[in-house]
Amino acid sequence: MSDTLFSKIINRDIPADIVYEDELCLAFRDVNPQAPVHILVIPKKPIAMLSDVAEEDQSLLGHLLTTASKIAKQEGFGGAFRLVVNNGEDAGQSVFHLHIHLLAGRSFGWPPG
Ligand code: AMP
């Protein structure tokens, strides 16, 4: 996988508002927030998109979800938040390093746009 914007954030080559980090993942605020809380949770492992994950990534994916839930609680919105994964250009993916959008702090409609 080629170097993406998000691998540059992991390597601290470009700045980001980082809210959480551990050995497996990093979370930082989206530069173009779509809700009062809009945080991206990404694996440090360079996986381009969800459809690229392998069997061996199962626990990593679980870790990303539990981390997103923990961060939602830390931000004060543990009871109501939305997680979004855009997989592929037609689904709205623009950065090809797997990321979970954590959105909170407002009401969300369904179906999503
Ligand atoms: P997606 O369209 O699902 O690939 O989401 C990519 C997200 O990355 C968008 O919500 C962008 O606003 C966000 N983004 C792009 N560049 C940066 C950056 N330098 N720091 C934080 N978020 C970014």
Tell me whether the stretch 45-52 contains one or more residues that are under 12 Å from the mean Cα position of the chain (by Cα), away from the ligand (no atom under 14 Å from the Cβ) and either open to solvent by 60 Å² or more (accessible area, probe 1.4 Å) or closer than 16 Å to SER94 by Cα (or both).
no
Take the stretch 43-69 and flag every residue that is touching a Phe, Trp or Tyr at 6+ places or on another chain (Cβ under 9 Å) and either touching a residue at least 60 places away in the same chain (Cβ under 8 Å) or among the β-branched types (Val, Ile, Thr) (or both).
THR67
Would you mind telling me which numbered condition in (1) within 14 Å of ILE100 (Cα to Cα); (2) buried (at least 16 other Cβ atoms within 10 Å of the Cβ); (3) in contact (Cβ under 8 Å) with a residue 40 or more places away in the chain ALA72 fails?
(3)
Report every pair of residues separated by at least 6 positions or lying on different chains whose Cβ atoms are under 6 Å apart, first residue within the stretch 75-86 and within 16 Å of the ligand (Cβ to nearest atom), second in a loop (DSSP other than H, G, I, E, B).
ARG82/PHE108; ASN86/GLY92; ASN86/GLN93
Among residues belonging to the stretch 87-113 that are away from the ligand (no atom under 11 Å from the Cβ), part of a loop (DSSP other than H, G, I, E, B) and hydrophobic (A, V, I, L, M, F, W, C), point out the one that is surrounded by the fewest Cβ atoms within 10 Å (Cβ to Cβ).
TRP110
Would you confirm whether or not the stretch 54-63 contains a residue that is open to solvent by 30 Å² or more (accessible area, probe 1.4 Å), assigned to a loop (DSSP other than H, G, I, E, B), modelled with pLDDT of 95 or more and within 16 Å of the ligand (Cβ to nearest atom)?
no
Of the listed residues (PHE96, PHE77), the one being in contact with a Gly (Cβ under 8 Å, 6 or more places away or on another chain) and modelled with pLDDT of 95 or more is PHE77
Go through the stretch 12-36 residue by residue and tally those that are open to solvent by less than 60 Å² (accessible area, probe 1.4 Å), within 13 Å of the ligand (Cβ to nearest atom) and in contact (Cβ under 8 Å) with a residue 12 or more places away in the chain.
7
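The values are calculated or read from the model by the stated rules, or taken from the named source; none is laboratory data. Just so it is clear, the model here is predicted, and its values are computed rather than measured. Because the Cβ atoms are built from the backbone with ideal geometry, glycine has one as well, and the counts that use them run over all protein chains shown. Surface accessibility is based on the protein's heavy atoms, side chains included, excluding ligands, DNA and RNA. Shrake-Rupley method; radii C 1.70, N 1.55, O 1.52, S 1.80 Å.
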